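Below is one structure, written out as structure tokens; the observations come after it.
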Amino acid sequence: QKSEEKHDEL
Amino acid sequence: MNIFRLAGDMSHLFSILLLLLKIHTIKSCAGVSLKTQELYALVFATRYLDIFTGYISLYNTLMKMFFLWSSFTIVWYMRYHNVVRRSYDKDQDTFRHYFLILPCFILALLVHEKFTFLEVLWTFSLYLEAVAILPQLVLLQRTRNVDNLTGHYVFFLGAYRSFYILNWIYRYFTEQNYYKWITWISGLVQTALYADFFYYYVKSWRNSERLQLPA
């Protein structure tokens with residue numbers, strides 16, 4: 001699971 | 001989600017609750033910059049458009065909804081509430097906040113990860129958030145005698161930013177392929193803006209004095 005696709009921080 | 005990110009979000013939440021407490025309960029917004037609050041409303045409105053397009057978690061969605069609701073509520077109170085608007089230091093809060101918006105937008109058009117509508121607006125919100133506290137810091141400097149709630153509000157906002165930096169460091173070492181230059185640099189700039197305020201806040205706290213900023 002890559003984190004760069006979606007912004008998961010606020 | 002790690003402990004630093006959670007601590008950051010909770011500081012952010014707490015700072016807004018302090019501000020709402022001051023405005024809603026004491027019916028005063030003395031020492032609070034409407035310019036900064038308007039910038040935050042714009043930051044959240046442009047950043048959280050993804051509420052409609054992507055789902056991360058219930059936690060994220062609820063926090064986004066709270067930040068959107070609270071920022072527009074605070075602006076509404078300061079502009080239109082019969083009692084609250086009278087306590088607004090309009091003559092002192094003169095920072096030309098519109099001049100921050102255009103450069104941030106141009107920068108977002110030039111420097112971004114992907115040239116899409118949502119991505120450019122997201123990047124714009126990061127740049128704008130980095131400088132949105134400036135009108136508030138200028139107002140504090142002008143009023144010099146800072147009331148407790150306003151001082152704590154700015155302190156917890158700064159704490160939120162500091163925890164986010166720890167969160168990024170933690171994620172960099174624990175996740176693969178985790179690097180976000182734009183977020184990091186704007187976050188660092190934003191946190192640096194609080195350094196001077198932090199110094200005087202801690203000093204006044206240690207001497208148990210009222211927070212007073214130098215002229």
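The values are calculated or read from the model by the stated rules, or taken from the named source; none is laboratory data. The structure displayed is predicted, hence computed values, not measured ones. Glycine gets a Cβ as well: all are built from the backbone with ideal geometry, and neighbour counts include every protein chain shown.
All of B:I23, B:I74, B:I3 fail the test of being within 30 Å of B:T174 (Cβ to Cβ) and at pLDDT 95 or above, apart from B:I3. Here B:N167 meets each of (1) surrounded by fewer than 21 Cβ atoms within 10 Å (Cβ to Cβ); (2) polar (S, T, N, Q); (3) in contact (Cβ under 8 Å) with a residue 12 or more places away in the chain; (4) within 14 Å of chain A (Cβ to nearest Cβ) with one exception, condition (1).
Pairs linking a residue in the range B:58-79 that is within 11 Å of chain A (Cβ to nearest Cβ) to a residue that is crowded, with 18+ Cβ neighbours inside 10 Å and of a type in the set (A, V, I, L, M), with Cβ atoms under 6 Å and 6 or more positions apart or on different chains, are B:M63/A:L10. Each residue in the range B:122-157 was checked for being in contact with an Asp or Glu (Cβ under 9 Å, 6 or more places away or on another chain) and over 25 Å from B:S87 (Cα atoms), and 2 pass. If you check B:T94, B:T73 for being assigned to a loop (DSSP other than H, G, I, E, B) and under 18 Å from B:Y40 (Cα atoms), only one passes: B:T94. Being surrounded by 21 or more Cβ atoms within 10 Å (Cβ to Cβ), within 14 Å of another protein chain (Cβ to nearest Cβ) and out of contact with any Ser or Thr (no Cβ under 6 Å at 6 or more places or on another chain) holds for only one residue in B:Y48, B:Y40, and it is B:Y48.
Against the numbered list (1) within 14 Å of chain A (Cβ to nearest Cβ); (2) crowded, with 18+ Cβ neighbours inside 10 Å; (3) within 23 Å of B:F99 (Cα to Cα); (4) not hydroxyl-bearing (S, T, Y), B:E119 comes up short only at (2). Pairs linking a residue in the range B:192-203 that is surrounded by 13 or more Cβ atoms within 10 Å (Cβ to Cβ) to a residue that is outside any helix (DSSP H, G or I), with Cβ atoms under 8 Å and 6 or more positions apart or on different chains, are B:L193/B:I133; B:Y194/B:I133; B:F197/B:L213; B:Y200/B:L211; B:Y200/B:Q212; B:Y200/B:L213; B:Y200/B:P214; B:Y201/B:L211.
Does B:L107 meet the test of being more than 15 Å from the chain's Cα centre (by Cα), modelled with pLDDT of 95 or more, surrounded by 14 or more Cβ atoms within 10 Å (Cβ to Cβ) and in a helix (DSSP H, G or I)? Working first, answer last.
Numbers: more than 15 Å from the chain's Cα centre (by Cα): yes; modelled with pLDDT of 95 or more: yes; surrounded by 14 or more Cβ atoms within 10 Å (Cβ to Cβ): yes; in a helix (DSSP H, G or I): yes.
Yes; evaluated as a whole, the condition is true for this residue.
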